[in-house]
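First the structure, in the form of structure tokens, and then the observations on it.
Read-outs: derived from the displayed coordinates by stated rules, not from any lab. As the structure is a prediction and not an experimental result, all values here were calculated from the model. Counting neighbours? That spans all protein chains shown, and the Cβs are built from the backbone with ideal geometry, glycine included.
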Amino acid sequence: MKRRTTIKLLLFVTLLFFATGQLGGCLSCVTGTGSISGTVKNAVTGDALSGATVKAGGIQTTTGSNGTYKLENVPAGTQTVTASKTGYITDSKQVLVVGDQETTNVNFALSPPTAAGQIRIVLTWGENPEDLDSHLLVPTSDNNGDLGYEVYFGEEGSDTAYPFAKLDTDDTTSYGPETVTIYQRYTQKYKYFVHHWYGTGDLAHSGAVVKVYSGASLIKTYNVPTTQTANHFYWYVFDINSDGSITDRNVIQASAPTL
Ligand SMILES: [Ca+2]
Ligand SMILES: [Ca+2]
């Protein structure tokens, strides 16, 4: 009996040791407050968005003219940060707030609602790799599902003429947003993928997220898989089928998908 109690006590002390050890032995990390900072951008133009409201843990602020914000005295722990502005679809993400520390680069890319039937694909990521690229494979026409166009930084497309899909904004300097909108959808298959084009690091550790919007709704969120194989530079994210439904792919692979 006595020996069992001793073992339990030892176990408890060991667990406590590991728990505090993982937080660097800092108890205020879980009980204190920290801060959150970042930038809010317009997902379509890539421009800074001023006057956006950012909230977390009961704290609220507004972005300045350069789109930046800082929330202070946010209770430590996992917090949902929400960014909103009239005329844009609200976005949110979860972050870990650590006592006496600043969680930086909690960035947002807010999309205005699309016109009915349009589809907007917003890619964001972390600091590395510096340059990820959106690629959208577009069919030739309603009658032919062959590849007719690849929308990416080298062929940006058009909102008013074929392919009726366009790279609205390109980013080459970390974080995104990099955004493609389908302005008129053909009733044939499309494919969307992300290419690790330039910069150290890899897709699995990029923190890349793809959000798909239609109308005023967020219809899909994809987080990049977190297991990386060497020389796999393509994150095949999803297909849009001829009926407009979406098939998830979400795999990192060695070669670019083909239509
Ligand atoms: Ca890019
Ligand atoms: Ca950037």
Rounded to whole Hz and in sequence order, give me ³J(HN,Hα) for region 60-76 from the Karplus expression 6.51 cos²θ - 1.76 cosθ + 1.60, θ = phi - 60°, writing x for Gly and Pro.
9, 8, 10, 5, x, 5, 8, x, 8, 8, 8, 9, 10, 6, 8, x, 4
Report ³J(HN,Hα) in whole Hz for each residue of region 190-203, in order, from the Karplus equation J = 6.51 cos²θ - 1.76 cosθ + 1.60 where θ = phi - 60°; Gly and Pro get x.
10, 10, 10, 9, 10, 10, 6, 8, 8, x, 6, x, 8, 4
Going by amide H atoms built from the backbone, whose H comes under 5 Å of the H on ALA165, apart from near neighbours?
SER158, TYR183
P(r) of region 119-253 over all Cα-Cα pairs, binned every 10 Å from zero, in whole percent
13, 46, 33, 8, 0
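Using r as the Cβ-Cβ distance of THR247 and THR78, and R0 as 30 Å, what FRET efficiency do you calculate, to the nearest 0.05?
Numbers: r = 31 Å, r/R0 = 1.04.
For THR247 and THR78, the calculated efficiency is 0.45.
Let me know the charge dipole size of region 32-110 about its Cα centre in debye, to the nearest 20, where only the beta-carbon of Lys, Arg (+1) and Asp, Glu (-1) is charged. Spell out each step's value before the answer.
Details: 5 positive and 5 negative charges, 37 e Å.
Approximately 180 debye in magnitude.
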For region 225-256 and region 148-223, distance of Cα centres in Å
13 Å
Against the longest principal axis of the chain, how steep is helix 2-22, in degrees 0 to 90 to the nearest 10, with axes from Cα atoms?
50 degrees
Going 7 Å from the Cα of LEU147 toward and past its Cβ, which residues in region 221-251 have a backbone nitrogen under 16 Å from where you end up?
233-240
As a test, work out the antiparallel percent of DSSP beta bridges whose residues both lie in region 38-188, rounded to the nearest 5.
90 percent
Express in whole angstrom the spacing between the alpha-carbon centres of region 36-53 and region 110-137.
14 Å
Can you list the HN-Hα couplings for region 92-97, worked out from phi with the Karplus curve (6.51, -1.76, 1.60; θ = phi - 60°), rounded to whole Hz and with x for Gly and Pro?
8, 8, 9, 9, 9, 9
Long-range HN-HN contacts of GLY34 with modeled amide H, under 5 Å:
ASN73, VAL74, ALA76, ASP100
Taking a quarter of the surface of the convex hull around the Cα atoms of region 32-110, what do you get in nm²?
4.4 nm²
List the extent of the Cα atoms of the chain along each of their three principal axes, largest first, rounded to whole Å.
79, 43, 32
